[in-house]
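Below are the structure tokens for one structure; questions will follow.
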Amino acid sequence: MSDVAYKLVDRTEWSAARADGAYAGSAIDRADGYIHLSTADQLAETARRHYAGRADLMLVALDLRPLGDNLKWEASRGGALFPHVYAPLPVSAAIGERPLSVDADGVMRFEDGAVGWP
């Protein structure tokens, strides 16, 4: 399992999390009881399925090591193991962030002009 995972986050929510020091998750995360993350290999499909047509997003890269027992790898799409966080996500775990949108076809378009992932 990787020590790095990714979260697509509404830009306004991530700004609030930075001010608070932790991200409590999206409405879907809170309803499910954990924060959904994706590995690098899972990210493009997550963007396509769940964020198509969305703008004003941030892609946040996270170091999973400080999450300890709050991190669980659980089967999801097609039985693949996904990282889930069962606690507010400390902003201090962020090791990188990039602003982006996801077009109607589900392709990530970064504000620096890059398309897709990585």
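Rule-based calculations on the coordinates, nothing more; no lab input. Treat the numbers as computed from the prediction; the structure is a model and nothing was measured. Here the Cβ positions follow ideal geometry from the backbone for every residue, glycine too, while neighbour counts run over all protein chains shown.
Determine the shape class of region 52-118: with a ≥ b ≥ c the square roots of the Cα gyration tensor eigenvalues, call it rounded for a/c under 1.5, and otherwise prolate if a/b is greater than b/c, oblate otherwise. Write down the numbers at each step before the final one.
Working: a/c = 2.60, a/b = 1.50, b/c = 1.73.
Because a/c hits 1.5 or more and a/b fails to exceed b/c, region 52-118 counts as oblate.
Counting other Cβ atoms within 10 Å of each Cβ, which trypsin sites (Lys or Arg not before Pro) in region 41-90 have at most 16 and sit in a DSSP loop?
Arg54
Sticking with this one: Please report how far the C-alpha centroid of region 58-118 lies from that of region 1-50, rounded to the nearest whole angstrom.
Centre-to-centre (Cα) distance: 5 Å.
Given the Cα atoms of the chain, and with Rh set as the inverse mean 1/r over their pairs in the Kirkwood sense, what is Rg to Rh to two decimals?
Reported Rg/Rh, Kirkwood definition of Rh: 0.93.
Given only helices, namely DSSP H runs of n ≥ 4 each adding -39500 (n - 2.57), what is the per-residue ellipticity at 222 nm of the chain, to the nearest 500 deg cm²/dmol?
Rounded to the nearest 500, it is -6500 deg cm²/dmol.
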